[in-house]
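Participant: One structure, as structure tokens, below. Some questions next.
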Amino acid sequence: MRVSRRAQLSLRTLALAYLTILLLIPLGIIFYRTFEHGVSAVVDSITTPAAVSAFWLTIEIVGIAVVLNTIFGVLLALALVRSKIRGKGLIQAVVDLPFAVSPVVVGVSLILVYGTNGWFGTWFVDNGLQIIFSVPGMVLATIFVTVPFVVREVEPVLREIGTEQEEAAATLGASRWQAFWRITLPSIRWGLGYGVILTIARALGEYGGVSLVSQSKPGESQTLTLLVKSRYDNLDVSGAYAAATLLMVIAVVALIVMTVLDRKKTNA
């Protein structure tokens, strides 16, 4: 069915108006409010010890979550595509669970399992390890909400490339590791990179689950998202806007990289 040019322009105008109202205008207001007192005020706000600590803690948590979910995602995608295992439908549903479950529910679940009175929390506390209300709990919450992205990006690429090249390499004497490193990994690199960027973007903005398993102490267990909330609650609106803008800049960089990878993946 062909759509008239007028209808196409109407749909584009409607879509742009919708995005402008819900996305561009709010972001523009945040950007304006951030710099209304000058660049120096913003620099002072994001270079305080609490802000610097929140930035590096965010990077640390994101780094751990990305590395673990990348390894797990590739292995799980290989298992789902290359192996004949039972219960694939159930595994697929579990992988997509973070899309359906609220991060707040994730935080509550972690408290019930790893809290002081949780199923495994007592053992960890007795052995001098605190999971909940500390960085390990924040990492677990971030890992949970970012599990699906690498799997969902790598799995269709594996299905598309098939197994012919890997089988040919095996007949020539290549080990499984050699076949993966020299054939499989280069073939899935763009899909893998896209999944990693999505994981980074999601981990950067995580708040719901992390807020429940963190004490949100400045300099100890406060990420950038928690810093924004803390400053806003303490009526430091300018500081909250500055921290939010820092998050926004990081997200925009991730978006640009994701767009580049998406084009390369499409042309690959």
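The values are calculated or read from the model by the stated rules, or taken from the named source; none is laboratory data. Keep in mind it's a predicted model, so treat the numbers as computed, not measured. In this analysis, Cβ positions are derived from the backbone assuming ideal geometry, glycine residues included, and neighbour counts consider all displayed protein chains.
Participant: So K217 passes all but one of these: (1) in a helix (DSSP H, G or I); (2) free of Cβ contacts under 8 Å to residues at least 12 places away in the same chain; (3) of a type outside the set (F, W, Y). Which condition number does it fail?
Facilitator: Condition (1) is where K217 drops out.
Participant: Report yes if A77 is in the same structural domain as E155 (by TED's automatic domain parsing), within 26 Å of E164 (Cα to Cα), assigned to a helix (DSSP H, G or I) and at pLDDT 90 or above, otherwise no. Full working, then the answer.
Facilitator: Working: in the same structural domain as E155 (by TED's automatic domain parsing): yes; within 26 Å of E164 (Cα to Cα): yes; assigned to a helix (DSSP H, G or I): yes; at pLDDT 90 or above: yes.
Yes; evaluated as a whole, the condition is true for this residue.
Participant: Looking at this structure, is F99 aromatic (F, W, Y) and surrounded by 13 or more Cβ atoms within 10 Å (Cβ to Cβ)?
Facilitator: Values: aromatic (F, W, Y): yes; surrounded by 13 or more Cβ atoms within 10 Å (Cβ to Cβ): no.
In short, no.
Participant: Being of a type in the set (S, T, N, Q), surrounded by fewer than 19 Cβ atoms within 10 Å (Cβ to Cβ) and either at pLDDT 85 or above or outside the structural domain of W190 (by TED's automatic domain parsing) (or both): is that true of S230 here?
Facilitator: Values: of a type in the set (S, T, N, Q): yes; surrounded by fewer than 19 Cβ atoms within 10 Å (Cβ to Cβ): no; either at pLDDT 85 or above or outside the structural domain of W190 (by TED's automatic domain parsing) (or both): yes.
In short, no.
Participant: Here's a follow-up. What number of residues within the stretch 171-201 satisfy the criterion of being farther than 23 Å from T259 by Cβ and either part of a loop (DSSP other than H, G, I, E, B) or in contact with a helix residue (DSSP H, G or I) (Cβ under 6 Å, 6 or more places away or on another chain) (or both)?
Facilitator: Applying the first criterion (farther than 23 Å from T259 by Cβ) to the stretch 171-201 yields 171-184.
After this cut, where a residue has to be either part of a loop (DSSP other than H, G, I, E, B) or in contact with a helix residue (DSSP H, G or I) (Cβ under 6 Å, 6 or more places away or on another chain) (or both) as well, the list is 172-175, 179, 183.
Number of matching residues: 6.
Participant: Continuing with the same structure: Counting only residues that are of a type outside the set (S, T, N, Q) and within 15 Å of T58 (Cα to Cα), how many does the stretch 207-262 have?
Facilitator: Qualifying residue count for the region: 23.
Participant: Condition first: farther than 17 Å from F149 by Cβ, in a helix (DSSP H, G or I) and among the hydrophobic types (A, V, I, L, M, F, W, C). Now tell me which residues in the stretch 80-103 satisfy that. Explain how you work it out, then say what you get.
Facilitator: Keep residues of the stretch 80-103 that are farther than 17 Å from F149 by Cβ, which gives 82-90, 102.
Within this subset, residues satisfying the condition of being in a helix (DSSP H, G or I) are 82, 88-90.
Within the stretch 80-103, just L90 meets the criteria.
Participant: Test each condition in (1) of a type in the set (D, E, K, R); (2) closer than 20 Å to A41 by Cα; (3) out of contact with any Gly (no Cβ under 9 Å at 6 or more places or on another chain) for E220 and report the one that comes out false.
Facilitator: Here E220 clears every test but (2).
Participant: Continuing with the same structure: Just to check your reading of the model, which residue among T171, T146, T163 is of a type outside the set (G, A, S), closer than 25 Å to A79 by Cα and touching a Pro at 6+ places or on another chain (Cβ under 9 Å)?
Facilitator: Working: T171 fails: touching a Pro at 6+ places or on another chain (Cβ under 9 Å); T163 fails: touching a Pro at 6+ places or on another chain (Cβ under 9 Å).
Residue meeting the stated conditions: T146.
Participant: On to the next question. Is it the case that some residue within the stretch 18-32 is out of contact with any His (no Cβ under 8 Å at 6 or more places or on another chain), hydroxyl-bearing (S, T, Y) and outside any helix (DSSP H, G or I)?
Facilitator: Here is the first cut: in the stretch 18-32, the residues out of contact with any His (no Cβ under 8 Å at 6 or more places or on another chain) are 18-32.
Imposing the further condition that a residue be hydroxyl-bearing (S, T, Y) reduces the set to 18, 20, 32.
Now narrow it down to the ones that are outside any helix (DSSP H, G or I): none.
Within the stretch 18-32, none of the residues are out of contact with any His (no Cβ under 8 Å at 6 or more places or on another chain), hydroxyl-bearing (S, T, Y) and outside any helix (DSSP H, G or I).
Participant: Now for a separate question. Taking the condition of a type outside the set (F, W, Y), in a helix (DSSP H, G or I) and assigned by TED's automatic domain parsing to the domain that holds G209, does G118 pass?
Facilitator: It is false that G118 is of a type outside the set (F, W, Y), in a helix (DSSP H, G or I) and assigned by TED's automatic domain parsing to the domain that holds G209.
Participant: Of the numbered conditions (1) without any contact (Cβ under 8 Å) to a residue 40 or more places away in the chain; (2) crowded, with 18+ Cβ neighbours inside 10 Å; (3) under 26 Å from I143 (Cα atoms), P156 fails exactly one; give the number of that condition.
Facilitator: Of everything listed in (1) without any contact (Cβ under 8 Å) to a residue 40 or more places away in the chain; (2) crowded, with 18+ Cβ neighbours inside 10 Å; (3) under 26 Å from I143 (Cα atoms), P156 misses just condition (2).
Participant: Might you let me know whether the stretch 127-139 holds any residue that is surrounded by fewer than 17 Cβ atoms within 10 Å (Cβ to Cβ), in the same structural domain as S221 (by TED's automatic domain parsing) and farther than 24 Å from T223 by Cα?
Facilitator: yes
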